[in-house]
Amino acid sequence: MTGFRLETGGRVDRSQPVRFHFDGKTFQGFAGDSLASALLANGVMLFGRSFKYHRPRGLVAAGSEEPNALISVNRGLGRFTPNLRATGVEIHNGLKAFSQNRWPSLEMDFGAINDRLGMFLPAGFYNKTFMWPRSFWDKVYEPAIRKMAGLGDAPTAEDPDVYASTYAHCDLLIIGAGPAGIDAALGSMDSNKRIILMDEQDELGGGALADPSLWPWLERSVKALSDAPNVTILTRTTAFGYYHDNFIGAVQRLIDHLPEIEDMPREKLWRIRADEVVLAQGAIERPIVFGGNDTPGVMLSSAAKVYANRFGVAVGKALALMASHDSGWHDMFALAKAGVGISAIIDVRESVDSALMHEADRLGITVYLNHGVVGVNGRHGVRSVDICDYGNQQVRRIDTDALLMAGGWTPSVHLWSHSKGSLKWRDDLGAYVPDQPNENVVCVGGCSGDWDFGKGAIIDMLPTPKDQSRIKAFVDFQNDVTAKDIKLAVREGFRSIEHIKRYTTNGMATDQGKTSNLNGLQIASSALNQPVPDIGLTSFRPPYTPQTFGALAGHAKGALFQPTRTTNIDSWAQAHGAVFELVAQWRRARYFPKPNENMHAAVNRECIAVRSSLGIFDASTLGKIEVVGPDAAEFLNRMYTNPWKALEPGRCRYGLLLKEDGFITDDGVSARLAHDRFHLTTTTGGAARVLNMMEDYLQTEWPDLDVWLTSTTEQYAVIALQGPNARKVLEPLVEGIDLSAEAFPHMAIREGRICGIETRLFRVSFTGELGFEINVPTAYGRAVWEQLMAQGAQYDITPYGTEAMHVLRAEKGFIIVGQDTDGTITPFDAGLDWAVGKKKPDFVGKRSMARPDIVAPGRKQLVGLLTDDPHIVLQEGAQIVADPNQPIPMTMIGHVTSSYWSETLGRSIAMALVAGGHDMTGDTLHIPMPGKTHTAKVSGVVFYDPKGARLNV
Amino acid sequence: MILIHCPYCDEKRPEIEFANAGQAHIARPLDPSGQTDAEWEAYLFIRANPRGRHHERWRHVHGCGRFFNAVRDTVTDKFEATYKAGEPRR
């Protein structure tokens, strides 16, 4: 086959030449050409190498169903797009396109050796062959297979393009703007409905674009629709998925067809909710299965018509048709009318409609009925075909340079199936068509099986006198699946089409079997001797055609992937050199290194400062919930393990929260501000979860309680001022609060002003030192912080981060929920018996603490660990064994949950969950770590100031 | 994306505004301490896994914040009804 541009015809603009590049060579086409039509017009017939056998491949189709002509487009760094269908790429000046899966070149491909070895590469070959030895898979087999078999290269540079997304709502969404879709839009245009009409191509028309007799109608219709204010037209827009309740995802391509990269988004994701959907996606012509049907120059007959009538390109000089369906005959007549040379019509049927015979006769076309193609001569292009007369089994040769296939039509039911509409088999069409809808949707035109292309015979593959085991008759061009492979799968015992599909990979390529599924079904049906509907149909899943990750991600990448929450004081920490870490979604200062200070040195310095003088810490991320109402105390009494009803206003309490299963889920210090008002705090990561849990109980279990819950996490900035000099710094800044130890004891709250700002001042400590937590309205956080820094300068006030906070709390044995607990730890396991109200009749989780497994001995319990070598800091997560000399695999009795160097104590400290740990005090345990097994003695968890003398000053 | 009718807002809103909250109509026993181990186990752990009609709780978490009950078909994913907490099982 050698394609060429016809003298006249087509919708391309012959006054606008376009220069573009393919595999480094420069070509010329016209505005309106696809890459496929422009290359075809230049005589290019080889578009790629096949996936497995590296066979030379040309165009099969003219639309998005194209299985072979996958190409890459390079628009510069980060703008490399592989696996585009040449039929869907619009050319523009300077376009750089490349073929794929070939080395060193498309014409001379080393991998084609696979084709000669084809008899050794049957279905399931990889599964069968490369299983042994197992260790070879990762290092030998997989890399080699990946190098040989494959699609385009994945881009490696970051994509610099921007992708937009939008939501849209409409009364009527019409997908597909061929004649059926346009008619649907025209029919509803005069209503008040908001209508969206979309099509994947660059202009409306669909099949009408290849039928010049319809062009005047098309022009009138497009103008009418464009003028209608209630109709939105989206071209270059692919509806890729149909989801629940008429929710449709579509991607609009905005700039890939333009010569310059405009300063605008590359693609736009549309999320459309439609009241009613009309699917007018048309139908896809089916190839015919016979030996050599993948030779470049063998293509769908409807595609040849599209190239001639839409693009003004003849796919060859003498076209032959292999038909089992009337539609191919009509295509040939149209091609003849367009001035394309015709060689012959071959039809597998014994007779066809007499009108077709008369028209062929009138046009002087030779017709061979009851014949079939049994061989295609030529490797990189068709030179001639051998056809067999099924009457007398005589084979003759016909000269032709392009062989067209007309195997009937497959309705595009992809989106219909996404919407879970049911399908029914129609014997007369040899295809599945839409049956019962699952949404408010109708199918019209080709995709409903409603077409006037005439009749056809349903065949699995063409009969041939040749040895069937020696011919490659392709079913799935993109995945290189042959009829032989499907028959082999059936012989090997596969019965369900779902299994046959996965074993042979038929229909599993990027085209999802648009041209192969029905032929595969027919062949399996014949091999199994069962009707097609009994074999089933594989599922259609989004996307209809491959879409870019960029379009789906939209703006949700980099810093916008998920929000980073920052406190009002974060900007100060940033300006003062803090090293940050993410805690849940919060960005928190981890430590504040001085010049030339590493984390270890900074944390040691920060810890010593708190213990000896004064530290300041941004605790704003703590979850906060305001609990208000006459039954507030009763509610908290039922939620937390502790008793709350007797707590006096002005006092605080450590609250321990369990889930109903008895395991610790959160903790925090909370304050009673008034008889009917509490200020709760939760862990930083647990705030939303705790509020949800409390709302759940309040709304559904105890709706009789008169309580309101409000999240106030972001309403307060919280500054922890910790250290022996904390009170001295506060005194001059605070109004209306007596800070003396007698008037304002540990675990109390007072309301007043600090630096003129209203404050809820807690006297609490997560460090074991005299401490205050200053709550002020968020907007004043940094201002108050800076005042405290100025006032504290005389005491060498030291900002500290989460790392020092962790060390300080561990020295005091305070747990971090989620680090020292893991969702299977009860208050008793954690040594928090004291926080459980023994006299309370009920609270969330109480009954579960009496479950048999919870009271059984041998549960993991929280203990302290002191290494025999005080300089060894155990790894958090390290496993613990009782006897280091036991055979491997050893019995692990627990693990290290927290472990730090304590500069204050001059040694390492650790906490661990150990089975039966509470009864092991003083015992030596063993902790295997890389290089050495360390020994440590079990201790209590409070390593510093066990009597709490430093708190009550 | 499913549309869910919130019985409190009385509007159909997209699924992303809601959070599933497990099986519906499992009341917390009024006197948990009086429960046998078997009764408590049934309350705490044993859940239905029907093919078809399923009563479940949803929360309009990014809307009014209310918990409500729903009947959803686990095969078709279609909501048959949604109704306020405390109303009788449908």
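The values are calculated or read from the model by the stated rules, or taken from the named source; none is laboratory data. Small disclaimer: the values here were computed from a predicted structure and weren't measured. Reconstructed Cβ throughout: ideal geometry from the backbone, glycine too, with neighbour counts over all protein chains shown.
Quick look at the values:
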read-out	value
Residue list for the stretch A:12-51, filter: among the small types (Gly, Ala, Ser), in contact with a Lys or Arg (Cβ under 8 Å, 6 or more places away or on another chain), in a loop (DSSP other than H, G, I, E, B) and more than 17 Å from A:Glu260 (Cα to Cα)	A:Ser50
Checklist (1) over 18 Å from A:Asn519 (Cα atoms); (2) crowded, with 21+ Cβ neighbours inside 10 Å applied to A:Gly430, failing item	(1)
Wholly within the stretch A:459-550, helices (runs of 4 or more DSSP H) carrying at least 2 residues that are polar (S, T, N, Q)	A:517-528
Given (1) closer than 26 Å to A:Phe290 by Cβ; (2) in contact (Cβ under 8 Å) with a residue 40 or more places away in the chain; (3) acidic (Asp, Glu), number of the condition A:Asp347 does not satisfy	(2)
Scan of the stretch B:16-33 for residues that are surrounded by 14 or more Cβ atoms within 10 Å (Cβ to Cβ), within 8 Å of another protein chain (Cβ to nearest Cβ) and either of a type in the set (D, E, K, R) or closer than 18 Å to B:Asn49 by Cα (or both), ordered by number	B:Ala21, B:Arg28
From A:Tyr503, A:Tyr544, residue being more than 19 Å from A:Thr410 (Cα to Cα) and hydroxyl-bearing (Ser, Thr, Tyr)	A:Tyr503
Single condition A:Ala168 does not satisfy, out of (1) within 14 Å of chain B (Cβ to nearest Cβ); (2) aliphatic (A, V, I, L, M); (3) under 30 Å from A:Phe51 (Cα atoms)	(3)
Filtered residues of the stretch A:185-213 (kept if closer than 17 Å to A:Gly32 by Cβ, of a type in the set (A, V, I, L, M) and in a helix (DSSP H, G or I))	A:Ala208, A:Leu209, A:Ala210
Selection status of A:Phe762, out of contact with any helix residue (DSSP H, G or I) (no Cβ under 9 Å at 6 or more places or on another chain) and surrounded by 16 or more Cβ atoms within 10 Å (Cβ to Cβ)	yes
Count of the stretch A:86-113 residues which are in contact with a helix residue (DSSP H, G or I) (Cβ under 8 Å, 6 or more places away or on another chain) and either polar (S, T, N, Q) or crowded, with 24+ Cβ neighbours inside 10 Å (or both)	4
Wholly within the stretch A:879-953, strands (runs of 3 or more DSSP E) carrying at least 3 residues that are of a type in the set (Ser, Thr, Tyr)	A:892-902, A:932-939
Single condition A:Trp329 does not satisfy, out of (1) closer than 28 Å to A:Pro465 by Cβ; (2) assigned to a loop (DSSP other than H, G, I, E, B)	(2)
Test: residue in the stretch A:316-335 that is in the same structural domain as A:Cys447 (by TED's automatic domain parsing), of a type in the set (Ser, Thr, Tyr) and at pLDDT 95 or above	no
So A:Gly454, is it surrounded by fewer than 23 Cβ atoms within 10 Å (Cβ to Cβ), in contact with an Asp or Glu (Cβ under 7 Å, 6 or more places away or on another chain) and part of a loop (DSSP other than H, G, I, E, B)	yes
Which numbered condition B:Phe79 misses (of (1) hydrophobic (A, V, I, L, M, F, W, C); (2) more than 12 Å from the chain's Cα centre (by Cα); (3) more than 20 Å from A:Asp696 (Cβ to Cβ))	(2)
Residues of the stretch A:246-303 satisfying the condition of being part of a loop (DSSP other than H, G, I, E, B) and among the charged types (D, E, K, R)	A:Asp256, A:Glu260, A:Glu262, A:Asp263, A:Arg266, A:Arg286, A:Asp294
Residue that is nearest to the other protein chains (Cβ to nearest Cβ), among those in the stretch A:399-437 that are part of a strand (DSSP E or B) and among the hydroxyl-bearing types (Ser, Thr, Tyr)	A:Tyr432
Filter pass, A:Val627 being buried (at least 21 other Cβ atoms within 10 Å of the Cβ), under 43 Å from the mean Cα position of the chain (by Cα) and assigned to a helix (DSSP H, G or I)	no
Some residue of the stretch A:176-186 being within 14 Å of chain B (Cβ to nearest Cβ) and within 16 Å of A:Val442 (Cα to Cα)	no
Selection count, the stretch A:821-853, where residues are within 14 Å of another protein chain (Cβ to nearest Cβ), farther than 17 Å from A:Glu660 by Cβ and free of Cβ contacts under 8 Å to residues at least 24 places away in the same chain	1
Tally of residues being in a loop (DSSP other than H, G, I, E, B), free of Cβ contacts under 8 Å to residues at least 40 places away in the same chain and closer than 27 Å to A:Pro841 by Cα across the stretch B:1-38	8
Considering residues of the stretch B:39-90 that are in a loop (DSSP other than H, G, I, E, B) and hydrophobic (A, V, I, L, M, F, W, C) only, the residue nearest to the other protein chains (Cβ to nearest Cβ)	B:Ala85
Single residue of A:Asn568, A:Asn479 found to be more than 30 Å from A:Thr156 (Cβ to Cβ), of a type outside the set (A, V, I, L, M), outside the structural domain of A:Leu415 (by TED's automatic domain parsing) and crowded, with 16+ Cβ neighbours inside 10 Å	A:Asn568
Unique residue being of a type in the set (Lys, Arg), in contact with a Leu (Cβ under 8 Å, 6 or more places away or on another chain) and either in the same structural domain as A:Glu758 (by TED's automatic domain parsing) or under 27 Å from A:Trp586 (Cα atoms) (or both) when the list is A:Arg672, A:Arg689	A:Arg672
Exclusive hit being aliphatic (A, V, I, L, M), within 30 Å of A:Ser620 (Cα to Cα), surrounded by fewer than 18 Cβ atoms within 10 Å (Cβ to Cβ) and more than 14 Å from chain B (Cβ to nearest Cβ), set A:Leu862, A:Leu905, A:Leu808	A:Leu905
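Yes or no, residue by residue, for (1) buried (at least 17 other Cβ atoms within 10 Å of the Cβ); (2) more than 43 Å from the chain's Cα centre (by Cα); (3) outside any helix (DSSP H, G or I):
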site	(1), (2), (3)
A:Arg727	yes, yes, no
A:Phe766	yes, no, yes
A:Trp785	yes, no, no
A:Leu788	yes, yes, no
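Matching residues to (1) among the hydrophobic types (A, V, I, L, M, F, W, C); (2) surrounded by 19 or more Cβ atoms within 10 Å (Cβ to Cβ); (3) farther than 30 Å from A:Ala303 by Cβ:
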{"residue": "A:Leu518", "(1), (2), (3)": "yes, yes, no"}
{"residue": "A:Gln530", "(1), (2), (3)": "no, no, yes"}
{"residue": "A:Pro533", "(1), (2), (3)": "no, no, no"}
{"residue": "A:Ala589", "(1), (2), (3)": "yes, yes, yes"}
{"residue": "A:Met599", "(1), (2), (3)": "yes, no, yes"}
